[in-house]
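Colleague: My questions will all concern the structure given below.
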Amino acid sequence: MANKYKLDEFMADLEKKNPAQPEFIQAAKEVVESIIDVVNSTPKYLENKILDRIVEPERVVSFKVEWEDDKHEIQVNRGYRVQFNSAIGPYKGGLRFAKNLTLGTLKFLGFEQTFKNSLTTLPMGGGKGGADFDPVGKSNAEILRFCRSFMTELQKYIGPDTDVPAGDLGVGGREIGYMYGQYKRIRQENTGVLTGKGQTWGGSRIRPEATGFGAMYFTNEVLKLNRDSMKGKTMSVSGFGNVAWGTVQKATELGAKVIAISGPDGYVIDENGINTKEKFDYMLELRASNKNVVEPYAEKFGAKFVKGKKIWEVPVDIACTAALQNELNGDDAKTLLKNGVKYVMEISNMGCTPEAIAEFHKAKIPFGPGKAVNAGGVAVSGLEMSQNAEHLRWSANEVDEKLHEIMKSIFEACLREGKEKDGYINYVKGANIAGFRKVADAM
Ligand code: 2IT
């Protein structure tokens, strides 16, 4: 019989092996804590050294990206692709362009993606990539040149049945277009190697909305389980990008009132609700402006802008993270709880610190973890892959229905694996165990 794993020893070894990667260690610890009892009580997992194998990425590539800025100066960035786990399907996961992006961040994201993709029910492995390229303030031509140079290298490592990247922070429809064009130019194939493509050239309907829509389908299930409803609930959503945009629309449709969104500059409170097409469209305009500030929303719609403060001080029934990792900490959690928050949903990947999650669990309020709540995005990416493979295009209804079914099945998986003795649903544990089992069995 193989030895049982001890959490402290295992984590100490992992930290030693991955120095200066705090986010990866944080993500791994959350998963290992959830699954260690399952692993220790399952001989086949022990004999097959599953924990040691599942925390090690199958492959990490790092490459140089050279490009010329508008002043004809040469710029050098570092690009990456982390191919974390392909046990259940081709690597799948987004590309992030962000200032100071590190390999440790991408490893945390690739690790999370592995379990998230498993939860979607679709056959997709986990991967993540990107570059330490800051899109803020760059011209359209600079973005084009960067994307082409980036794909010139990345194309060596990806393929429609090997690894299928998509967007993430700093990578939207425009960037996917520039990269897809370069891939086609070099490889002479139109096989849908990226998802999140435009509607006229292989993109799936509902993909832009999918992360936000899926998050609200999941949230709606959580509320129904608690004999509650979205009707009349006040809500805050951090961020103002693509994910927040989809979230705000579906929340409004389900009857909630979103009163706050945020940016790196502060947050906006709109007491009338962010609930009209004009307001939704303006969020996209703000994002497209490449300035990364939310303040202009307040000027345009006569709302209040609170400079330099975190959105979590706004009293709401439902709080959603939709911006960055670790954007909601233990103190923010205490503030939200003091102000009567009833539900917290992580839509960004690892949006909450472990201290924040502990506060929500202690208060016994439902807390939805990112890998379950935000899985709708990659799920519809998986549906885009299917459509590309069969050279067909499904209707918006067809995609939306499948997305809805997938989110319900993720919710049910969380219930099945996350129910505690007192009846409290620990969605973190539920999502981690359910996501883990499938990957571990395949390995
Ligand atoms: O974090 C995520 O799930 C994404 N950025 C989407 C990945 C994808 O392949 O659609």
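Colleague: Restricting the search to region 81-125, which residues are free of Cβ contacts under 8 Å to residues at least 60 places away in the same chain and within 12 Å of the ligand (Cβ to nearest atom)?
Modeller: Matches in region 81-125: 89, 106, 110, 125.
Colleague: Quick one: which of 209, 299, 278, 221 is acidic (Asp, Glu) and closer than 30 Å to residue 388 by Cα? Even if it seems obvious, please write down each step before you answer.
Modeller: On the way: 299 fails: closer than 30 Å to residue 388 by Cα; 278 fails: closer than 30 Å to residue 388 by Cα; 221 fails: closer than 30 Å to residue 388 by Cα.
Answer to the check: 209.
Colleague: If I go through region 192-211 residue by residue, how many of them are more than 12 Å from the ligand (Cβ to nearest atom) and in a helix (DSSP H, G or I)?
Modeller: Of the residues in that region, 1 qualify.
Colleague: Which of the numbered conditions does residue 363 fail, given that it passes all the others? Conditions: (1) within 16 Å of residue 235 (Cβ to Cβ); (2) more than 20 Å from the chain's Cα centre (by Cα); (3) among the aliphatic types (A, V, I, L, M).
Modeller: Here residue 363 clears every test but (1).
Colleague: To continue, here is another question. Scan region 340-362 for residues that are crowded, with 24+ Cβ neighbours inside 10 Å, in contact (Cβ under 8 Å) with a residue 40 or more places away in the chain and either among the aliphatic types (A, V, I, L, M) or in a helix (DSSP H, G or I) (or both) and jot them down.
Modeller: 345, 347, 350
Colleague: Do we find a residue being within 14 Å of the chain's Cα centre (by Cα), within 15 Å of the ligand (Cβ to nearest atom), part of a helix (DSSP H, G or I) and within 26 Å of residue 190 (Cβ to Cβ) anywhere in region 381-401? Lay out the reasoning, then the answer.
Modeller: Narrowing region 381-401 to residues within 14 Å of the chain's Cα centre (by Cα): 381.
Now narrow it down to the ones that are within 15 Å of the ligand (Cβ to nearest atom): 381.
Next, only the ones that are part of a helix (DSSP H, G or I) stay: 381.
If we keep only those that are within 26 Å of residue 190 (Cβ to Cβ) as well, we get 381.
Within region 381-401 (the criterion being within 14 Å of the chain's Cα centre (by Cα), within 15 Å of the ligand (Cβ to nearest atom), part of a helix (DSSP H, G or I) and within 26 Å of residue 190 (Cβ to Cβ)), the answer is yes, since at least one residue qualifies.
Colleague: Just need a number here: residues in region 2-45 that are among the acidic types (Asp, Glu) and without any contact (Cβ under 8 Å) to a residue 12 or more places away in the chain.
Modeller: The initial filter retains those residues of region 2-45 that are among the acidic types (Asp, Glu), namely 8-9, 13, 15, 23, 30, 33, 37.
Narrowing the set further to residues that are without any contact (Cβ under 8 Å) to a residue 12 or more places away in the chain leaves 8-9, 13, 15, 37.
The number of residues fulfilling the criteria is 5.
Colleague: Would you pick out the residues in region 321-339 that are outside any loop (DSSP other than H, G, I, E, B) and over 19 Å from residue 228 (Cβ atoms)? I'd like the intermediate steps shown before the answer.
Modeller: Of region 321-339, the ones outside any loop (DSSP other than H, G, I, E, B) are 321, 328, 330-338.
Once the filter is applied, which keeps residues that are outside any loop (DSSP other than H, G, I, E, B) and over 19 Å from residue 228 (Cβ atoms), region 321-339 yields 321, 328, 330, 331, 332, 333, 334, 335, 338.
Colleague: Return yes or no: is residue 315 at negative phi and part of a loop (DSSP other than H, G, I, E, B)? It would help to see each step written out before you state the result.
Modeller: Numbers: at negative phi: yes; part of a loop (DSSP other than H, G, I, E, B): yes.
Yes; evaluated as a whole, the condition is true for this residue.
Colleague: If you take just the strands (runs of 3 or more DSSP E) that sit entirely in region 64-168, which of them hold at least 2 residues that are over 27 Å from residue 191 (Cβ atoms)? If you could, list the steps in order and put the result at the bottom.
Modeller: Values: elements: 74-85, 91-97, 125-131, 163-167.
Where strands (runs of 3 or more DSSP E) fall fully within region 64-168 and carry at least 2 residues being over 27 Å from residue 191 (Cβ atoms), they are 74-85.
Colleague: Okay, moving on. Filter region 363-380 down to the residues that are outside any helix (DSSP H, G or I) and either within 16 Å of the ligand (Cβ to nearest atom) or not aliphatic (A, V, I, L, M) (or both) and list them by number.
Modeller: Within region 363-380, the first condition is being outside any helix (DSSP H, G or I), and the residues that meet it are 363-369, 374.
Result: 364, 366, 367, 368, 369, 374.
Laboratory data are not the source of any read-out in this text; all were calculated from the coordinates shown. Values in this document were obtained by computation on a predicted structure and should not be read as measured data. Ideal geometry is used to build each Cβ from the backbone, glycine not excepted, and the neighbour counts take in all protein chains shown.
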